[in-house]
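Contents: one structure, followed by commentary.
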Number of protein chains: 2
Amino acid sequence: MTTIQDIADKMGVSKSTVSKALNDAPDISDALRKQVLETAVALGYTKLRRYKKPTKKVCIIIEKENMRYQEPHHFAYDILVGFRQMAEPAGFDVEIVPVDIKTQRNQHYDVFMLEHDYIGAFVVGFSLSDPWIQDFKISRTPAVLFDNYIVGNPSTAYVGIDNEEGMELAVSYLAGLGHRKIAYLSSSLGARVLQARHAAFLRSMHQHGLKTSPAAIGCSYYLSECMEKHLPRFLENGITAIICNQDTLASATLTQCQQLGFQIPDDISIIGFDDLPIAACTSPPLTTIRQDRLELGKSGFFALSSLLNHIPISTYLLHAQLIQRESTGKVPS
Amino acid sequence: MTTIQDIADKMGVSKSTVSKALNDAPDISDALRKQVLETAVALGYTKLRRYKKPTKKVCIIIEKENMRYQEPHHFAYDILVGFRQMAEPAGFDVEIVPVDIKTQRNQHYDVFMLEHDYIGAFVVGFSLSDPWIQDFKISRTPAVLFDNYIVGNPSTAYVGIDNEEGMELAVSYLAGLGHRKIAYLSSSLGARVLQARHAAFLRSMHQHGLKTSPAAIGCSYYLSECMEKHLPRFLENGITAIICNQDTLASATLTQCQQLGFQIPDDISIIGFDDLPIAACTSPPLTTIRQDRLELGKSGFFALSSLLNHIPISTYLLHAQLIQRESTGKVPS
């Protein structure tokens, strides 16, 4: 176990200087403090051993540009509630920490955690281009990643829903309604979970003996591109059903189809993903694949608590659930 | 909720006849009893509501032809210990139930569970050809499957280790030692987990820029075929390392290579999978991928307890771990 003396020896400074830097003393410069933290982490020192009583402080790190959580209708709101419902009665302080790419570039994840005295993190809303995704490959402070999977780091775990199952539920339901020409519309493939859903869609179609073609698959970060480029191509190709990788995209697709004169579900069936509050409020209401976000938040805490107790959990997935509403119907004859 | 009256109505018998059949009364014929149980299950009646106090009886169902568990050196021994270590203090009666294909063919899984008053099962050692694997697609009595995954049934969950990670650890370790020609030897692909390891091997090799060829991959149920058909082909093709999908196969491969005049690890590196007690006892001792079987058993109980409490857990995987011993070394120059 790395001691303060080890850090002092490595840096050629006194033990008390290291101690002061780790304990936020006012007479240590920011530059020296930063150097001490980075050296500490490099030597494997990932928990502050302060004079005061040990804290059980964990954080929920949210990618603030990708993920909204402030209001009940936002995707991450219930996830945060679920996590806190489990963590707080168990005696943990939970802090919500929105981060952007700049914060991630400035400081290694382990250094950030050490500096703020967090013993573990639940990480929500990260895409593959987020710098800390690279840090998680070698980090030592327990991190549970919602919808992200890191291979080979025992300090990380992946929590999410079973996307393979979710896509299979959507495809088999549409196949059962007689649909053969099913399109897939995705708001980019920049997140691991979106790549997983896309691959699962292709696999499920194949398993049901249904053909997929590039013309019936569209992925764009911009909503306008989904509506103006992919959707018209789907309609020209005679598709009768569209699976969207999120409810907000499905809601926009539904409206756009209606504006182009198509009846939902008589002409086109539409399925969303997530079961956000908006799904029940569209007209007609959206059939979708439910992610139980409260339970996902609870699972996030369970997985973090497992890692903190040295139980080597790698992956924890919840079942997906098909919610049938009125945006889907039998294939038009 | 299905009642005894519903079953009686469906069968055209009296309520007391149904009640007697469900409660094992001696004056009911076996044929009638079987019919009552099957009708009960068909109507969704999956828990006995007997007069006596409610039991918390669960079982560990073991495929007795595939899986040994009686002795500490058997694969499933620690898994069973781990499960019981968690279940018994929580007030559950745990029964070990070895089954064969005949039992599975004679009775649907749900009927079997109802008949024996088990509220849930941990299912160990099943291969894809086991009849109950089909039952699990539609079963309603909670079942946690060790190393098997059923898509779309919320009454089932999958527990195991992260095979993708395990294979990546093996391949990246060998690649780091300079090996380029790595073979894969597997004792059949009849189990889901063996298929997963095989696919993960191919993926990892590809990710490390290493070529795979059919000549360097061998899968046979019979050990003799692995030794006499696949291994000589590997050696003729100049491979320098072999990843085996189980320790017992790795142990046999090690001995066979030595008998053919190859030094381990100077000429050939060998990696096993599982970290069974045998792995530390071969000469030289085997490098292998560890499955923490005690923790897997505990995870099995956690997942079953989650399903019993209506937490929709789908997948629970533990991290794999590379155990470096002496059967691996630098690529021969």
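Derivation of every value follows stated rules applied to the coordinates shown; laboratory data play no part. Predicted model, so just to flag it, every value in this text is computed and none were measured. Counting neighbours? That spans all protein chains shown, and the Cβs are built from the backbone with ideal geometry, glycine included.
Restricting to DSSP H runs of at least four residues, report the calculated mean residue ellipticity at 222 nm for chain A, -39500 (n - 2.57) per run over all residues, nearest 500 deg cm²/dmol. Mean residue ellipticity at 222 nm (helix-derived): -11000 deg cm²/dmol.
For the protein assembly as shown, a crude dipole built from +1 on the beta carbon of Lys and Arg and -1 on the beta carbon of Asp and Glu, taken about the Cα centre, is about 280 debye to the nearest 20. Copy-to-copy label distances for residue A:331, where each label lies 7 Å from Cα along Cα-to-Cβ, are 5.1 nm in order of increasing length.
Summary for residue B:199: label point 7 Å along Cα→Cβ; distances to the equivalent points in the other copies, ascending, 0.9 nm.
Separation of the stretch A:91-114 from the stretch A:257-333 is 29 Å, based on Cα centroids.
Structural size metrics of the stretch A:1-45, computed from C-alpha coordinates, are Rg and Dmax of 9.2, 27 Å.
Ignoring solvent entirely, what values of log10 I(q)/I(0) come out of the Debye formula for the stretch B:255-302 at 0.30 Å⁻¹ when each Cα is a single scatterer? For the requested q values the scattering log ratios are -1.10.
Volume per residue for chain A equals 138 cubic angstrom (convex hull of Cα atoms). For the stretch A:107-248, the average shadow cast by the Cα convex hull is 9.7 nm², which is a quarter of the hull's surface. Across the options A:79, A:253, A:272, the greatest Cα extent toward the positive end of the charge dipole of chain A (unit charges at beta carbon of Lys, Arg, Asp, Glu) belongs to A:79. Of all lysines in the structure, those lying under 29 Å Cα to Cα from residue A:64, and not within fewer than 8 positions of it along the same chain, are A:34, A:47, A:56, A:102, A:137, A:229, A:298. Projecting label points 7 angstrom from Cα along Cα→Cβ for residue B:224 and residue A:64 puts them 7.0 nm apart. Amide hydrogen proximity for residue A:241: with H placed 1.01 Å from N in the peptide plane, the residues at 5 or more positions away or on another chain lying under 5 Å are A:183, A:269.
Taking the longest Cα principal axis of chain B as reference, the axis of helix B:192-207 is set at about 40 degrees. With neighbours defined as other Cβ atoms within 10 Å of a residue's Cβ, the residues B:63, B:95, A:71, A:38 order from fewest to most as A:71, B:95, A:38, B:63. At an R0 of 45 angstrom, the distance between the Cβ atoms of residue A:14 and residue B:180 translates into a FRET efficiency of 0.35.
Only the Cβ atoms of Lys and Arg (+1) and of Asp and Glu (-1) were treated as charged; on that basis the dipole of chain B about its Cα centre amounts to roughly 680 debye.
Put in order of Cβ neighbour count within 10 Å, fewest first, the listed residues A:219, A:281 become A:281, A:219. The HN-Hα couplings worked out from phi for the stretch A:64-75 by the Karplus form 6.51 cos²θ - 1.76 cosθ + 1.60 (θ = phi - 60°) are 6, 8, 9, 9, 9, 8, 6, 10, x, 8, 6, 3 Hz, whole numbers, x standing for Gly and Pro. Its alpha carbons give the protein assembly as shown an Rg and a Dmax of 27.7, 90 Å.
Inter-copy label distances for residue B:72: 5.7 nm (label point placed 7 Å from Cα along Cα→Cβ; shortest first). Of all DSSP-defined beta bridges confined to the protein assembly as shown, some 15% are antiparallel rather than parallel.
How much length is gained if the chain between residue A:212 and residue A:23 is pulled fully straight, taking 0.36 nm per residue apart and subtracting their Cα-Cα distance, in nm to one decimal? That pair, residue A:212 and residue A:23, stretches by 62.2 nm at full extension. Between residue B:116 and residue A:324, how high is the FRET efficiency from 1/(1 + (r/R0)^6) when r is the Cβ-Cβ distance and R₀ = 56 Å? Nearest 0.05. It comes to 0.95.
If R₀ is 22 angstrom, what is the calculated FRET efficiency for the pair residue A:103 and residue A:188, using the beta carbon separation as r and rounding to 0.05? Write out the running numbers ahead of the final one.
Numbers: r = 22 Å, r/R0 = 1.01.
Efficiency, rounded to the nearest 0.05: 0.50.
The residues neighbouring residue A:179, those whose beta-carbon lies less than 14 Å from its own, together hold a net charge of +2 under the Lys/Arg +1, Asp/Glu -1 convention. Taking Cα atoms only, the orientation of helix A:247-259 departs from the longest principal axis of chain A by about 30 degrees. In terms of surrounding Cβ atoms within a 10 Å radius of their Cβ, A:92, A:201, B:83 rank from fewest to most as A:92, A:201, B:83.
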